[in-house]
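Heads up, the thing below is written out as structure tokens.
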Amino acid sequence: MNRDITYVIGHKNPDTDSVCSAMAYARLRQEQGMANVQPARAGNINRQTEFVLEQLSMPLPPLLTDVHPRVRDVVGEQVITIDQNAPLSRALELFHSHSIRVLPVIDSDRRPLGLLFLKKVSERFLVPSREEELRRVLASPASITKCLKATPLHELEGDTVEEFALYVGAMASETFDQKMEGLDPRRMILITGDRENIQRQAVELGVRVLIVTGSLPVDPEILRRGREKGVTVLSTPFDTATSAWLTRLSTPVGALVGDAYPSVGLGERLDDLRLKLLHSKDPGVIVLDSDGRVAAVATKSNLLAPTPVKLILVDHNELSQAVPGADKVEILEVIDHHRLGNFHTDHPIRFINQPLGSTCSVVASLYRQAGLTPDRTTAGLMLAGLLSDTVILKSPTTTAADRDLALWLEGLSGLDLQDFGRRIFGAGSALAAYPSLREMIVADFKEYQSGERRFGVGQVEVVSFHEFHALKDEIATALADLRRERRLDTAGLLVTDIVQETSLFLVLGGKELPYVIGYPQVEENLYQLNGVLSRKKQLVPHLLKIFKDEK
């Protein structure tokens, strides 16, 4: 029900490079002619990124909490339904004319009463195995009248649905009398032509419904006697064979469905629909809108429909860091500068991973390769992401290409890269400015796997360690809570002083950690990492190695 859209999106706990590269790359793909592409984010932004967007007067990209395909993504906008009072013959017409197998039965407010299945209807009415089933009609005189396009010559309790036995009076009077012996006339529908003797016998017996075919006349005396005996008398233009067939199909569809029927909401996950369809004997389910009205019908064929949401991942290539549901939708491209993770696709995709200092550097190089010049604001976005991830070109991850691209973006954006960089880090360096210490830790927290060991590392940049030392104990408590909740073997926070170009590492792990970590211990759980500025290039590779060597 939604049009196709492609989101360019970074990792969970997005940093400045993640958000800015998503915005810049979405702009590039728009200029290259990709339709319906827009940037998004997979989490709340930090203070540094907020400062950058404010400085460049850019709107915050929309937040995607998950991209799990929803039922609304695979069902049509129009649904064929049938009113509860419509006869079964009308349902068969709808099944045939629309080539459908499932038909929701609704009330006057479009709320569902049940589901009608073509297969079950066919089994019940078209292939009965016993004579009594052939005769059985569940209907009301009114629904029979409607189905046979009949004229009621006399009608009694027309709207009451009853269970009838159907008979045809095409025999001699004596034979008819014999056939009627022992039968309950008040449960009988009798179809006959202009056989006055059969008509008279029928009304004298007091049959429930007498149907006269071919629009043939009925003697007024027979009608008078029929009124006295409580007989509903109908005149139909159809012949006897057609009338018998249509009478069997006059059942109001509301009488054929039960209270229990499978349903899903438009907003439910496609996985939930898949479970209901795969574990149900029924071929379809009703799809309800937010008001509980019928919006669509979903069958197994809907599970094969492509979903409208597609992704381009930037600044990460591991599904563990991606927006929830990324593994359920089509990923078109990956633009990154990190190590390769556990990632596979069903089809070939564009995968660009360059050993540069930031993803914004990769995106800027793609602008150059395409022969396109980014506008002033987009250049500012890429410069901000580049300066953030390379710590104003001081990080060991910085390459000659990063420095060249930084100068190019500086000229296009009109920003002084050193001044802009200092202001970026100054805006995000106050630890106490975060709503909580936990939010400060998880703002740029990533999880990793080394064998059976799971560990996570956050990073925050400061202009002085003074504030960190004042909050260290509280940060350690919040870090311990996070480690326990996420069931991590080790959890740490890398605190980087961008002025002194060094870091402190507050880390909680096993008792063996101080003996294997390989960094000078300042105090319990705190280590000095001189010259370490990059989590990606310096700290994480070291941790992966020591944890691997433990085994």
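The values are calculated or read from the model by the stated rules, or taken from the named source; none is laboratory data. Since we're looking at a predicted model, the values are computed, not measured. No Cβ is skipped: glycine too gets one built from the backbone with ideal geometry, and neighbour counts run over all protein chains shown.
Residues that are within 23 Å of the chain's Cα centre (by Cα) and surrounded by fewer than 19 Cβ atoms within 10 Å (Cβ to Cβ) were ranked within region 21-42; the one that is nearest to I392 (Cα to Cα) is Q38.
Residues in region 360-367: is at least one farther than 24 Å from R70 by Cα, among the aromatic types (F, W, Y) and outside the structural domain of S534 (by TED's automatic domain parsing)? Within region 360-367, one or more residues are farther than 24 Å from R70 by Cα, among the aromatic types (F, W, Y) and outside the structural domain of S534 (by TED's automatic domain parsing).
Yes/no per residue for (1) hydrophobic (A, V, I, L, M, F, W, C); (2) under 29 Å from S320 (Cα atoms):
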{"site": "L63", "(1), (2)": "yes, yes"}
{"site": "V67", "(1), (2)": "yes, yes"}
{"site": "V71", "(1), (2)": "yes, yes"}
{"site": "H96", "(1), (2)": "no, no"}
{"site": "V102", "(1), (2)": "yes, no"}
{"site": "L118", "(1), (2)": "yes, no"}
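Filtering region 2-15 down to residues that are on the phi < 0 side of the Ramachandran plot and either without any contact (Cβ under 8 Å) to a residue 24 or more places away in the chain or part of a loop (DSSP other than H, G, I, E, B) (or both), which residue is farthest from the chain's Cα centre (by Cα)? Step by step, filter region 2-15, then rank; the result is D15.
Regarding L409, is this residue in the same structural domain as T16 (by TED's automatic domain parsing), without any contact (Cβ under 8 Å) to a residue 40 or more places away in the chain and either part of a helix (DSSP H, G or I) or surrounded by 15 or more Cβ atoms within 10 Å (Cβ to Cβ) (or both)? The answer is no for L409. Selection of region 273-295 for residues being buried (at least 19 other Cβ atoms within 10 Å of the Cβ) and at positive phi yields an empty set. Listed by position, the helices (runs of 4 or more DSSP H) contained in region 439-551 that have at least 2 residues being more than 26 Å from H338 (Cα to Cα) and in contact (Cβ under 8 Å) with a residue 24 or more places away in the chain are 466-485. In summary, helices (runs of 4 or more DSSP H) completely within region 16-125 and bearing 1 or more residues that are within 21 Å of G284 (Cβ to Cβ) and of a type in the set (D, E, K, R) occur at 88-97, 118-125.
Taking the stated definitions as given, is L223 of a type in the set (A, V, I, L, M, F, W, C), closer than 17 Å to T151 by Cβ, surrounded by fewer than 24 Cβ atoms within 10 Å (Cβ to Cβ) and in the same structural domain as L183 (by TED's automatic domain parsing)? Considered against the rule, which asks whether it is of a type in the set (A, V, I, L, M, F, W, C), closer than 17 Å to T151 by Cβ, surrounded by fewer than 24 Cβ atoms within 10 Å (Cβ to Cβ) and in the same structural domain as L183 (by TED's automatic domain parsing), L223 comes out as yes.
Checking E501, E550, E524, E474 one by one, the residue that is out of contact with any Pro (no Cβ under 8 Å at 6 or more places or on another chain), at pLDDT 90 or above and over 19 Å from F445 (Cβ atoms) is E524 and no other.
Annotation: of all residues in region 164-200 being under 20 Å from P252 (Cβ atoms) and in contact with a helix residue (DSSP H, G or I) (Cβ under 7 Å, 6 or more places away or on another chain), the one that is surrounded by the most Cβ atoms within 10 Å (Cβ to Cβ) is I189. Annotation: D15 fulfils all but one of (1) within 30 Å of L366 (Cα to Cα); (2) in the same structural domain as R136 (by TED's automatic domain parsing); the unmet one is (2). In region 99-121, the condition of being farther than 30 Å from A443 by Cα, without any contact (Cβ under 8 Å) to a residue 12 or more places away in the chain and charged (D, E, K, R) is met by at least one residue. Counting only residues that are surrounded by fewer than 18 Cβ atoms within 10 Å (Cβ to Cβ) and more than 18 Å from A142 (Cα to Cα), region 201-220 holds 7 of them. Looking only at residues in region 234-274 that are of a type in the set (V, I, T) and at pLDDT 90 or above, the one that is nearest to R70 (Cα to Cα) is V264. Within region 339-359, one or more residues are in a helix (DSSP H, G or I), surrounded by 23 or more Cβ atoms within 10 Å (Cβ to Cβ) and in the same structural domain as R27 (by TED's automatic domain parsing).
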